[in-house]
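Asks: Below you will find the structure I want to go over with you.
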Amino acid sequence: MGDTILRVDDIQKFYGNKGNLTKAIDHISFSVRKGEFLGIMGASGSGKTTLLNCISTIDTVTSGHIYVEEKDITALHGAQLADFRGKKLGFIFQNFNLFSKKTALQNVMEGLIVVKKMKKEEAERIARKQLKNVGLLDHANHYPRHMSGGQQQRVAIARALAMEPKLLLLDEPTSALDPELVGEVLDTIKKAANEGYTMLLVSHEMSFVRNVATRVIFLDGGKILEDGTPREVFGNPKNERVKEFFTQINRMEE
């Protein structure tokens, strides 16, 4: 498998009970190599967030397997699962999920101290470095309520990157932001991509995905309809549903 970081093997995800099941993920398989930036596209309800939730183990797959560095994470539970989440995954949510009673610096330090068992001095050094990388070192002692949404999301990204994750998962990281704040967060994500992080991004920011992702998959009805370079998927999709989607998007933009 070489430098394959993530392998998703024929996963399905159902919600509901036996009498009323909804299939959110329908036999999806793909792999991601180290350093790839995978953009995950599709209309609302196509299974994008569910896919990220399954990879992050927030949701449990109904069938199939997910491997990170060839370790079957669908078989993990308890302390092993917590250790995997803390040390291998970074997850950037739509709504920041910062600790409201901790400063930006303390938010970034928290995982380093609690999960990685670092001494406070070392954790602070790394946290300050990451805050500097996202342009917020001067906000180190600010609480979330004193920061804009864009600043809070950049702190959340700094917190994730401080843990040096093998996989960084981003679920609509700009959707809760005012339009004028979107750019600063996208710039931060682009910088992380340029530093070689392996990233999976769910986003409706079409131009950003087209210009920054190294690969794109398009989901519909819980299935992968397209998988290729941004030029292939955006510019020359083979599937009729995907062609229709981008035609409608282009019409709206015009």
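Asks: Taking the structure as given and computing Cα extents along the principal axes in Å, which label from (1) 45, 37, 36; (2) 57, 36, 35; (3) 54, 47, 40 fits?
Replies: Of the labelled values, this structure produces (3).
Asks: Relative contact order of the range 1-131: what whole-number percent is it, with Cα pairs under 8 angstrom and at least 6 residues apart? Mind showing how you got there, number by number?
Replies: Details: 146 pairs, mean separation 27.4, N = 131.
Relative contact order here is 21 percent.
Asks: Can you tell me, using C-alpha contacts under 8 Å and at least 6 residues apart, the relative contact order of the chain as a whole percent?
Replies: Answer for the chain is 25 percent.
Asks: Based on DSSP H runs of at least 4 residues, each adding -39500 (n - 2.57), what is the mean residue ellipticity at 222 nm of the chain after dividing by all its residues, to the nearest 500 deg cm²/dmol? It would help to have the intermediate numbers written out before the result.
Replies: Details: 9 runs with 100 residues, N = 254.
Rounded to the nearest 500, it is -12000 deg cm²/dmol.
Asks: Tell me which trypsin sites (Lys or Arg not before Pro) from the range 163-254 have a DSSP coil assignment and no more than 10 other beta carbons within 10 Å of their own. Show your work: numbers first, answer last.
Replies: On the way: sites: Lys166, Lys190, Lys191, Arg210, Arg215, Lys223, Arg231, Lys238, Arg241, Lys243, Arg251; in loops: Lys166, Lys238.
Here no loop site has a sparse enough neighbourhood.
Asks: Per residue, how many Å² of accessible area does the chain show with a 1.4 Å probe? Walk me through the intermediate numbers first.
Replies: Working: 12680 Å² over 254 residues.
Accessible area per residue, the chain: 50 Å².
Asks: Roughly how many percent of the accessible protein surface of the chain is carbon and sulfur, given a 1.4 Å probe and a whole-percent answer? Please report the intermediate quantities before stating the final value.
Replies: Values: 5940 of 12680 Å².
That fraction is 47 percent.
Asks: Can you give the net charge of the other residues whose Cβ lies under 12 Å from the Cβ of Leu98, counting K and R as +1 and D and E as -1? Don't skip to the answer; put the middle values down first.
Replies: Numbers: positive: Lys101, Lys102, Arg145, Arg154, Arg159; negative: Glu110.
In short, +4.
Asks: Which of the GluC sites (Glu not before Pro) across the range 139-198 are loop residues per DSSP, with 11 or fewer other Cβ within 10 Å? Write out the running numbers ahead of the final one.
Replies: On the way: sites: Glu180, Glu184, Glu195; in loops: Glu195.
When the GluC sites (Glu not before Pro) of the range 139-198 are filtered for loop state and at most 11 Cβ neighbours within 10 Å, Glu195 remain.
Asks: Would you be so kind as to identify which of Asn95, Leu21, Met118 lies farthest towards the positive end of the dipole of the chain, taking Lys and Arg as +1 and Asp and Glu as -1 on Cβ and the Cα centre as origin?
Replies: Result: Met118, furthest along the dipole toward the positive end.
Asks: For the range 91-194, what's the relative contact order in percent, using C-alpha pairs closer than 8 Å and at least 6 residues apart? It would help to have the intermediate numbers written out before the result.
Replies: Working: 130 pairs, mean separation 40.3, N = 104.
Across the range 91-194, relative contact order equals 39 percent.
The values are calculated or read from the model by the stated rules, or taken from the named source; none is laboratory data. Predicted, not measured: the structure shown is a model, and the values here were computed from it. Here Cβ is always computed from backbone atoms with ideal geometry, including for glycine, and neighbour counts include all displayed protein chains. Side chains are part of the model used for accessible areas, which takes the heavy atoms of the whole protein and leaves out ligands, DNA and RNA. Shrake-Rupley method; radii C 1.70, N 1.55, O 1.52, S 1.80 Å.
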